[in-house]
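J.: Before we start, here is the structure in question, set down as structure tokens.
The values are calculated or read from the model by the stated rules, or taken from the named source; none is laboratory data. Just so we're clear, the structure is a prediction, and the values are computed from it rather than from any experiment. Virtual Cβ from ideal backbone geometry, glycine too; neighbours counted across all protein chains shown. Calculation scope for accessible area: heavy atoms of the full protein, side chains included, ligands and nucleic acids excluded. Shrake-Rupley method; radii C 1.70, N 1.55, O 1.52, S 1.80 Å.
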There are 2 protein chains.
Amino acid sequence: MQVRKVTDMNKLIGNAVVGQSGGPTAAINATLSGVIRGALAAEEIETLYGMRNGVEGLLEERLINLSEYFDSEYKLTTLENTPAAALGSCRKKLPKKGEDDSVYEKLLSVFKKYNIRYFFYIGGNDSMDTVAKLSEYTKTHDYEMRIMGVPKTIDNDLVGTDHTPGYGSAAKHIAVTLSEIIRDCAVYTKKAVTIVEIMGRDAGWLTAASALGRAAGIDAPDLVYLPEVPFSMDEFFSSVYACLDKHPNVVIAVSEGIRFADGTYVCEGISASSVDAFGHKQLSGTGKALELAVKEKIGCKVRSIELNLPQRCASHIASKTDLEESVCVGRGAVEAAVNGVTREMMTIVRKTTEPYTYEISHSDIAEIANKVKEVPREFINEEGNNVTDECVKYILPLIEGETSPEFRMGLPVHIVL
Amino acid sequence: MQVRKVTDMNKLIGNAVVGQSGGPTAAINATLSGVIRGALAAEEIETLYGMRNGVEGLLEERLINLSEYFDSEYKLTTLENTPAAALGSCRKKLPKKGEDDSVYEKLLSVFKKYNIRYFFYIGGNDSMDTVAKLSEYTKTHDYEMRIMGVPKTIDNDLVGTDHTPGYGSAAKHIAVTLSEIIRDCAVYTKKAVTIVEIMGRDAGWLTAASALGRAAGIDAPDLVYLPEVPFSMDEFFSSVYACLDKHPNVVIAVSEGIRFADGTYVCEGISASSVDAFGHKQLSGTGKALELAVKEKIGCKVRSIELNLPQRCASHIASKTDLEESVCVGRGAVEAAVNGVTREMMTIVRKTTEPYTYEISHSDIAEIANKVKEVPREFINEEGNNVTDECVKYILPLIEGETSPEFRMGLPVHIVL
């Protein structure tokens, strides 16, 4: 990161506040640790407060003194290996400018009351929207503040950054779990189809990670479907038949968000007439819907697996690269802010892929919020039923390295704030 | 283990064969490694063959020379950290005695052809049935053989042994995953119920492992339902209401096999009228069924998670204790057999719980096959909605210790035979 020199002109002394927002990840606490490390090291920051449950808790002044609590390296390391948002999270969306200013006025009064001059918000797309709106509001007020967005999302769908903290760990969990499921599926000689449903409604980055085993010579999953390419039932069936002709155990990875050409989600399209015991229309997951379709059409043994929450909270198998980057991004946000940067989101810039090198930077939050970065078409094969080797090569460095979380009595040690 | 002295009388020289059968576990290859280690060390065994896909492959003479293949400690260690059955598996049930002897005749001819004098079969309940039947058959024939069952099952439902190899690793995966899911569920302030469905149709050992975090101070899951106690919908709802009164995030662990008092599975009882797009009756899982019931009755946010296959194949988070015991049991089977033992299943005898000590032994296969060991009633609380501290104390030592599997490019290294 380019470090600007602190001059008297941009020196801002006061307190800081940090919050976590949106869905948890296995790395969001590593980023929090980075912010804490940065704040403890910055002479401009007197006390770092944590807001419980994001801006929701900030509005209610539910604050915790993090400078005081984190008095040891051990606590910080444990925090880095703790899944989910240690400060709690929220899904609060701030009102549009001019719609209801009372929320912003309340926030400003809290900032003034606690002499908060630095605001760090760790989150995904919606959280960057909060940062952008707050940035807009504070521009027009005579209370100097530095406001920084710190990205996290397992979905990897934020623009302006090569990838997002949290993605590498989720991708590693998926790649490792798939490599184990593939071994498990290989034990019988009877024809069987296994469908693994992976998170990601609009972007297929997580599902693409299912193919990483290819780098280690694993010739599966046989088929990989991302939401970026319209899904066709006919093409799906012929691909499955072709795979079953080659070997008995077919493994398929599908994104929960795959859609037909008309935009209908596959899970809606197939199981729309399914009704539960109470007479309610019941939407099964995408994997379950395809399981039923394969059972009906092909008739072989078929099973679906939804990887579900562990994708975002399995910190015992976090990516070392991801956790290290997450800490750097958090610390970098503090360093940038005390050096005068404001209204920006921290970013990761990839310098080279082989060997993998990167640097931490930042860019205008207004250019980032409310946009979705999809998997580029050239990362998906022509048939639209797998990812390319280029895609595998791009993701692979992000899952590199294992962490060594502390275990006691066979269980991982987590911190509870 | 009591080691009998090999006398000339019980010395039997020849080849051996080993197979894996039934559902895979994260430890079944550690047991295979133990058998290989034992055979390589035993002067009575000339060549150890592996049967591909259990007796199914043995009947077709699909054999692999394991003595030749495993020429390094590295290969054995990698095998121990590889999930699923490296030799492949099968679900073949041998015919009853007198029903169809041709299968047994074929097996005997293969044994004679390859001079196989030792037969080791690693498996669960059904596999022990195979061992018992083969033992019965060989008794009546003038071809000396030693036949040993080597237990494995994540279900922990075999009688005659304190616990089964494979259970500790599955229990650890469940305990670790639950501790992470519980952290994840704690981030929001909105009332929400999370239902985690765990394997185990007839015995609740795996579901009981969801409560192990209690030893580390984790006050969840709030409710734990095992198949050993009849399930009541009314009592379930009042327990959930009571939990929601105490805190917003309620986590519930349920065994897939929970049943109402009339013996109907909960998943059948609730979603019996659910019909899919093709007009077929559709059985959702137990967790999904309870999710719908909570949504209907309580109306709060609710989600269900099926832990699924990773329970039996997540070897990256295997229990060190389990893998070590699994190797010992495999090696012990060979040692016992060359010392004259036959028609027995290897067992683990717990000597003390605090500190945990055990020894390897064996007992009559005829007393073991086709029986199910349930969780004793005293391990379940009076209300039938959680396990007792005694139960936690019993299971805890089995998940102790972490393994250090090799990773390359961020992915675990597995062996493919």
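J.: Going by a 1.4 Å probe on protein heavy atoms, which residues of the stretch A:283-331 end up with at least 20 Å² less accessible surface in the whole assembly than in their chain alone?
T.: Those residues are A:Lys288, A:Leu292, A:Glu296, A:Arg303, A:Ile305, A:Asn308, A:Leu309, A:Pro310, A:Arg312, A:Cys313, A:His316, A:Ile317.
J.: Could I ask something else about it? Given a 1.4 Å probe and every protein chain left where it sits, what share in percent of the accessible area of the protein assembly as shown is carbon and sulfur?
T.: Looking at the protein assembly as shown in its full context, I get 48 percent from C and S.
J.: Can you tell me the order of A:19-27, A:389-397 when each peptide is scored by its average per-residue count of other Cβ atoms within 10 angstrom, highest first?
T.: A:19-27, A:389-397
J.: Ranking request for peptides B:341-347, A:186-192, B:135-141, B:241-247: highest mean number of other beta-carbon atoms within 10 Å first, then the rest in descending order.
T.: The most tightly packed comes first, giving B:341-347, A:186-192, B:135-141, B:241-247.
J.: Working only with C-alpha atoms, what are the Rg and Dmax values of the protein assembly as shown, expressed in angstrom?
T.: Rg and Dmax of the protein assembly as shown, Cα atoms, are 28.4, 100 Å.
J.: Using the Cα centre of the protein assembly as shown as origin and beta-carbon charges of +1 (Lys, Arg) and -1 (Asp, Glu), tell me which of A:Ala26, B:Thr153, A:Ile380 is placed farthest towards the positive end of the dipole.
T.: A:Ile380
J.: Under a 1.4 Å probe, what is the accessible area of chain B per residue, stated in Å²?
T.: Each residue of chain B exposes 36 Å² on average to a 1.4 Å probe.
J.: Residue by residue through B:81-89, how many Cβ atoms from other chains fall within 10 Å of the Cβ on average?
T.: Per residue, the average neighbour count from other chains is 4.
J.: Give the A-B buried accessible area in Å², both sides summed, 1.4 Å probe, nearest 100.
T.: The buried area between A and B, both sides summed, comes to about 5600 Å².
J.: Please compute the average number of Cβ atoms from other chains found within 10 Å of each residue's Cβ in peptide A:53-62.
T.: Per residue, the number of nearby Cβ atoms from other chains is 1 on average.
J.: Between copies, how far apart are the B:Ser363 label points? List them in nm, one decimal, shortest first, with each point 7 Å from Cα toward Cβ, please?
T.: 6.8
J.: If one computes the Cα centroid of the stretch B:176-206 and of the stretch A:167-186, what distance in Å separates the two points?
T.: Distance between centres, Cα-based: 20 Å.
J.: Evaluate the charge dipole of the stretch B:61-128 about its Cα centre and quote only its size in Debye, nearest 20, assuming +1 on the Cβ of each Lys and Arg and -1 on the Cβ of each Asp and Glu.
T.: With only Lys, Arg, Asp and Glu charged at Cβ, the dipole is about 280 debye.
J.: Using a label point 7 Å beyond Cα on the Cα-Cβ vector, give me the inter-copy distances for B:Arg201 in nanometres, one decimal, shortest first.
T.: Output for B:Arg201: 3.7 nm, nearest copy listed first.
J.: What do you get when you divide the Cα radius of gyration of the stretch B:1-130 by 2.2 N^0.38 Å, with N the number of residues?
T.: Scaled against compact globular proteins, the figure is 1.07.
J.: What is the mean number of Cβ atoms from other protein chains located within 10 Å of the Cβ atom of each residue in peptide B:90-96, rounded to a whole number?
T.: The mean count of partner-chain Cβ atoms within 10 Å per residue comes to 1.
J.: Right, something else. Taking the Cα atoms of the stretch A:71-136, report the difference between the largest and smallest coordinate on each principal axis, in whole Å and largest first.
T.: 45, 28, 16
J.: Now, a different point. For the stretch A:165-199, list whatever residues lose no less than 50 Å² of accessible surface once every protein chain is in place, relative to that chain by itself, with the probe at 1.4 Å.
T.: Buried by 50 Å² or more upon assembly, which counts only protein chains, are A:Glu180, A:Arg183, A:Asp184, A:Val187, A:Tyr188, A:Thr189.
J.: Now for a different question. Let me confirm the definition first: pairs of Lys residues in the stretch B:1-116, 8 or more apart or on different chains, C-alpha distance under 28 Å. How many are there?
T.: 16
J.: List, shortest first and in nm to one decimal, how far the label point of A:Glu68 (7 Å from Cα along Cα→Cβ) is from its counterparts in the other copies.
T.: Spelled out, the distances from A:Glu68's label point are 7.3 nm.
J.: Then there's this: Once you order the gyration tensor axes a ≥ b ≥ c over the Cα atoms, which shape class does the stretch A:304-414 get: rounded for a/c under 1.5, otherwise prolate or oblate by comparing a/b with b/c?
T.: It is oblate, given that a/c is not under 1.5 and a/b is not larger than b/c.
J.: I would also like to ask the following. If you place +1 on the Cβ of every Lys and Arg, -1 on the Cβ of every Asp and Glu, and leave all else neutral, what size is the dipole of chain A about its Cα centre, to the nearest 20 Debye?
T.: The calculated dipole for chain A is roughly 600 debye.
J.: Taking Rh as the Kirkwood radius computed over C-alpha pairs, what is the Stokes-Einstein D of chain B at 10 °C in a medium of viscosity 1.306 mPa s, expressed in µm² per second?
T.: The estimated diffusion coefficient comes to 70 µm²/s.
J.: Let me ask you something else. With +1 on each Lys and Arg Cβ and -1 on each Asp and Glu Cβ, and nothing else charged, work out how big the dipole of the protein assembly as shown is about its Cα centre, in Debye to the nearest 20.
T.: 120
J.: May I ask you to list the aspartates and glutamates whose Cα is less than 14 Å away from that of B:Lys301, ignoring any residue fewer than eight positions away on the same chain?
T.: Within the straight-line cut-off, B:Lys301 pairs with B:Glu291.
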